[in-house]
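Inspection log for the structure reproduced underneath, given as structure tokens.
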Amino acid sequence: MNRRLAAFPFAIGWVLGLAMSLAQSSAFAAEKRPSRPAPPPAANIERPRQAAPSQPAPRPGQAQTRAPVQTVDKLLRMSPSEREAALSSLPPARRENIEKRLGEIEKMTPAQQSRLLYRAEVLNSLPPQRANEIRLSARQFQQLPEERRRVLNKEMNKLVRAPQDQRQERMKSEEFRNRYSPDEQQMMQDLIEIRPQP
């Protein structure tokens, strides 16, 4: 398995960290500032309280939570000179961290980058408790032996392509429960939620 793919759970954290850093930076404030007065800080961080579906549909207020991740995507598409100009007003330490993370993401293929940004967007749109549960499963998945990760990845690829009713039937089957431990079953259930469907 591609080692960069195996590192995706941590890379998602990089994207969200970048997004939070950029959201706090005056360099990008103009992109997100509405024409009317900005709402109170608490409104800026409020997230939907219901769980998001595997293919989340746009919801009221969701554009605000996703905008920082879209800013990361925009930075990835910039030329070196455009990116340097965009980051020039940031504090040196923050700029260095952002450039380092962007460099790591740029080493991925375009398809990997697209999946990574999608997963970061979905994770960023979830209620904090649900997002933390998925992050925990991602960390646990990363700690599995490589061969076991490959087996689970193959199963998740099948599950994400299956219609919802077939997916549920498969995950409730005796063969599935015998093949995977309860922890592995939970990992797959969580990680499928942030996987883009074909």
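The values are calculated or read from the model by the stated rules, or taken from the named source; none is laboratory data. Everything quoted here is computed from the prediction, not taken from an experiment. Note: ideal-geometry Cβ built from the backbone for every residue, glycine included; neighbour counts use all protein chains shown. What goes into the accessible areas is simple: the full protein's heavy atoms, side chains included, and nothing from ligands, DNA or RNA. Shrake-Rupley method; radii C 1.70, N 1.55, O 1.52, S 1.80 Å.
One table, with the values for the structure above:
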| read-out | value |
| --- | --- |
| Ala162 paired with Lys107, simple spin-label distance in nm, labels 7 Å along Cα-to-beta-carbon | 3.5 nm |
| Solvent-accessible heavy-atom area per residue, rounded to whole Å², over segment 129-198 at 1.4 Å | 60 Å² |
| FRET efficiency, Gln185 to Glu84 (Cβ-Cβ, R0 45 Å, nearest 0.05) | 0.45 |
| Apportionment of accessible area to carbon and sulfur, segment 59-198, percent (1.4 Å) | 48 percent |
| Nearby aspartates and glutamates by direct alpha-carbon distance to Lys74 (threshold 17 angstrom, same-chain neighbours under 8 apart not counted) | Glu31, Glu82, Glu84, Glu99, Glu104, Glu106, Glu121 |
| Cβ-defined net charge surrounding Gln166, 12 Å radius [Lys, Arg +1; Asp, Glu -1] | +3 |
